[in-house]
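Each remark here refers to the structure printed beneath this line.
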Amino acid sequence: MTLWGGRFEGSLSEAMWEFTTDKSDRRLLQVDIEGSIAHVEMLGATEVIEPEEAQTLVAGLRSILAEAEAGEFAFQTTDEDVHTAVERRLGELVGETAGKLHTGRSRNDQVALDLRLYLVRAGGRRIEQLHKLAGTITRLAESHAETVVASYTHLQQAQPTTLGHHLLAYAWMAMRGAERFNDAAKRIAVSPLGSGASSGSSLPLDRDAVARHLELDGVIPNSLDAVGSRDFVSEYVFCCAQSMIELSRLAEEIILWSTREFGWVSLSDEVSTGSSALPQKRNPDIAELIRGRAGIVVGDMTAILSLQKALPLAYNRDLQEDKRIVFHADDTLGSGLGAMVELLGGLEFHPPAPGPDTVSLDIAEVMVRRGVPFREAHRLVGELVSLLESRGKTLSDATLDELHEVDQRFVEADLDRLDPTDSVRARATSGSGYPDSVRAQIDEIRRRI
Ligand code: ARG
């Protein structure tokens, strides 16, 4: 059924019906009914309809909600969209009074409300999952607060740090991801209802009462903005895309780490897959799929922005397409976060010690403490590395004589600083990778969760 037709004699062909109807909005069923209950109660309270009629409608809507919750609501191919389906079902249950449901409302403000309600809840679930990911990472980081590894710049070994520190970088990204969803919720959780098709209603609707009923933070002040804007959807998709990008970075590292060349990590049977052709293979497919799907969510970001580009005010049917985009982005993040938590549970770390030259900066800083300008200290250590290289040696097997060949200001105790582990322990700036800093970060993340 359609919710229109009074002025039409003909109707859409089957193909055009298929083309225009939407099935992707079916998951808005529950929030659609909840929004309608709030709307109808307001219509009764303001006596726009008779209070008894409102009661009849609310009772009917509640049984539809029960059907929806039990997974028993039956959509029909003749339902144009989810809003139509509910109104059709209400008619089956309460008869003619159902015709009063849409009083003072348009599907334009209704669909904007539904999507807002849906995204507030979905965002809450993503926040929980991002916190769970951060929690999982802190547990891994705790067991590796003292495991010394190389940190990298340009994918070349840079300075020694701890594995716990490296992993926690991803926990912080997940924490910010959660914060971002939380911030976006402020702009999502406001009510467009009462805006009607474009410019409000001559009926004495109480917009604030509906917003309060739905636990939203007030109403949108401009009706054209309320029905025509989807920046809240773009923002939600961005939250998904940014977190997917971060998952893809972690996924990429797991893929690299699990190579024979890196040898940092082994994947348990539960999180690795085999090859149909090569019997020896143990592949990181889960990580690769996360990495691949991140790209598709970036596509969702482009799609949601393009959908709104140059749209005249206010509602345009183009906007029907916003749902499949945001649902895809949200579902992909939801399943990606779940997969990453499981994948992390199946990793066994055994990273090799960092290369000996990673302590170079620490040696230069030893000289800085003796008053040597950093630029000169940098050059001295460079000369030392090159001298050792010419003898087939590295910093870790340098002798005091060799240090003196480069500069007399080196002392015996400096030899102790040539070990990456000692060098990590000597790190003094907050937020760097020494074990106490790792533990402090873990405490802070847990406190925030
Ligand atoms: N299914 C439509 C959507 O998702 C509902 C709004 C339809 N409004 C209209 N004027 N045709 O956007």
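Neighbours of Ser272, meaning other residues whose beta-carbon lies under 13 angstrom from its beta-carbon, give a summed charge of -4 when Lys and Arg score +1 and Asp and Glu score -1.
Give the order of Arg291, Arg125 when sorted by the count of other beta carbons within 10 angstrom, beginning with the fewest. Intermediate values should be presented prior to the final figure.
Values: Arg291 21, Arg125 14.
The order, fewest Cβ neighbours first, is Arg125, Arg291.
Each part gets one Cα centre, and for the range 112-173 versus the range 197-234 those centres are 37 Å apart. Ordering Ala98, Ala141, Thr162 by the projection of their Cα atoms onto the charge dipole of the chain, which places +1 on the Cβ of Lys and Arg and -1 on the Cβ of Asp and Glu, puts Thr162 at the extreme positive end. Over all other residues within a Cβ to Cβ distance under 10 Å of Val148, the charged ones net out to -2, with Lys and Arg as +1 and Asp and Glu as -1. For Glu235, the shell of other residues with beta-carbons less than 11 Å away shows a net charge of +2, using +1 for Lys and Arg and -1 for Asp and Glu. Taken about its Cα centre, the range 16-74 carries a charge dipole of about 240 debye when Lys and Arg each add +1 at the Cβ and Asp and Glu each add -1 at the Cβ.
Of the complete DSSP H runs in the chain, those spanning 15 angstrom or more by Cα along the long axis with a mean Kyte-Doolittle score not below 0.5 are 29-45, 231-257, 285-308.
In terms of packing, defined here as the mean over residues of other Cβ atoms within 10 angstrom, the peptides 307-319, 421-433 line up highest first as 421-433, 307-319.
What order, most packed first, do the peptides 112-124, 271-283 have when packing is the mean number of other Cβ atoms within 10 Å of each residue?
Numbers: 112-124: 22.6, 271-283: 11.5.
The peptides rank, most packed first, as 112-124, 271-283.
Rank Pro352, Pro192, Pro160 by mean-square fluctuation in a GNM of the chain with C-alpha springs under 10 angstrom and give only the top-ranked residue. Between Pro352, Pro192, Pro160, it is Pro352 that shows the largest mean-square fluctuation. Since only Pro354, Leu403, Ala310 are under comparison, the one whose Cα sits farthest along the positive direction of the charge dipole of the chain, derived from C-beta charges on Lys, Arg, Asp and Glu, is Leu403. Toward the positive end of the charge dipole of the chain, with +1 on the Cβ of Lys and Arg and -1 on the Cβ of Asp and Glu, the farthest Cα among Ser198, Thr429, Trp264 is that of Thr429.
Tell me, in nm to one decimal, what length is gained between Ala70 and Glu261 on full extension, where the rule is 0.36 nm per residue of separation less the Cα-Cα distance?
Going from the current span to full extension adds 63.5 nm.
Suppose R0 equals 60 Å; then what is the FRET efficiency for Arg62 and Lys281 from their Cβ-Cβ distance, rounded to the nearest 0.05? Computed FRET efficiency for Arg62 and Lys281 comes out at 0.60.
Across the range 263-275, rounded Karplus estimates of 3J(HN,Hα) from the backbone phi angles (6.51 cos²θ - 1.76 cosθ + 1.60, θ = phi - 60°) give x, 7, 8, 10, 9, 6, 4, 5, 10, 10, 10, x, 10 Hz, Gly and Pro being marked x.
Based on the mean of other Cβ atoms within 10 Å per residue, sort peptides 35-47, 252-264, 292-304 so the most packed one is first.
Working: 35-47: 21.5, 252-264: 15.4, 292-304: 17.8.
Ranking, from highest mean packing down: 35-47, 292-304, 252-264.
In percent, rounded to a whole number, the relative contact order of the chain is 17, using alpha-carbon pairs under 8 Å and six or more apart.
If we count other beta carbons within 10 Å of each Cβ, what is the order of Asp231, Asp322, Asp414, fewest first? Don't skip to the end; give the middle numbers.
Working: Asp231 13, Asp322 24, Asp414 16.
If I rank by nearby Cβ atoms, fewest first, I get Asp231, Asp414, Asp322.
Residues Trp4, Trp17 in ascending order of nearby Cβ atoms (within 10 Å, fewest first): Trp4, Trp17. Charge dipole (Cα centre; +1 on Lys/Arg Cβ, -1 on Asp/Glu Cβ; no other charges) of the range 96-252 amounts to roughly 220 debye. Considering helices alone, the calculated mean residue ellipticity of the chain at 222 nm is -19500 deg cm²/dmol, with DSSP H runs of length four and up weighted by -39500 (n - 2.57) and normalised per residue.
Treating only the Cβ atoms of Lys and Arg (+1) and Asp and Glu (-1) as charged, compute the dipole magnitude of the chain about its Cα centre; round to the nearest 20 debye. So the dipole magnitude of the chain works out to roughly 480 debye.
Spatial offset of the range 249-308 relative to the range 361-421 amounts to 41 Å, using the alpha carbon center of each.
No value in this document is a laboratory result; all are computed from the given coordinates. Bear in mind the structure is a predicted one, so any value in this text is a computation, not a measurement. All Cβ positions, glycine included, derive from the backbone under ideal geometry; neighbour counts span all protein chains shown.
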